[in-house]
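Some notes on the structure that comes next.
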């Protein structure tokens, strides 16, 4: 059973009819080609029997079939071109409908975000900044110079701590590799062994 929600429009019906006519023309072309081939064989058989009159008649029939085939080719080309034009027009219509819908949405957005609302938002933002500056000035008037120095020192310390936190960790490992350490220890052991080795006494006559 087909989908009940699917609906065949007049455009769909027109395209379907054109495709049906196209298929019928293709079948008719095959039939014409078969008839033309038969007429060619009739002409050959007639010449074998030395009957030129029948051969000429068969070739004339073949020529007529070829003319019909040429006409059907032109009709078939027109049908295919018309079908493609209609299909493209329908696609173009859908695209235009989508663009119109998009324009409507943009207009609605522009209505919601009007110039007045943007200006009001900017004014509110400016008022908030001015209010913060006013509070800052008011507090500054209530504080002494020593208080301001302590505040600035605390701010500098916070910034310093933040910089230290962001520094990469220092790698913890021996600066001298184990292989080099072993070589040094082995060399020292060899030197100690040479010092401890007793020297041979010279034999006098």
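What follows draws every value from the coordinates through simple rules; no lab data is involved. The structure presented is a predicted model; accordingly, all values stated were derived computationally and were not measured. Methodologically, a virtual Cβ is constructed for each residue, glycine included, from the backbone with ideal geometry; neighbour enumeration extends over all protein chains shown.
Worth a mention:
- Remark: 11, 110 ranked as 110, 11, counting other beta-carbon atoms within 10 Å and listing the fewest first.
- Region 10-112: relative contact order in percent, alpha carbon pairs under 8 Å with at least 6 residues between: 32 percent
- Per residue, the Cα convex hull of region 20-110 amounts to 63 Å³.
- For 31, 111, the sequence from fewest to most other C-beta atoms within 10 Å is 111, 31.
- Taking 163, 42 and counting other C-beta atoms within 10 Å, the order from fewest to most: 163, 42
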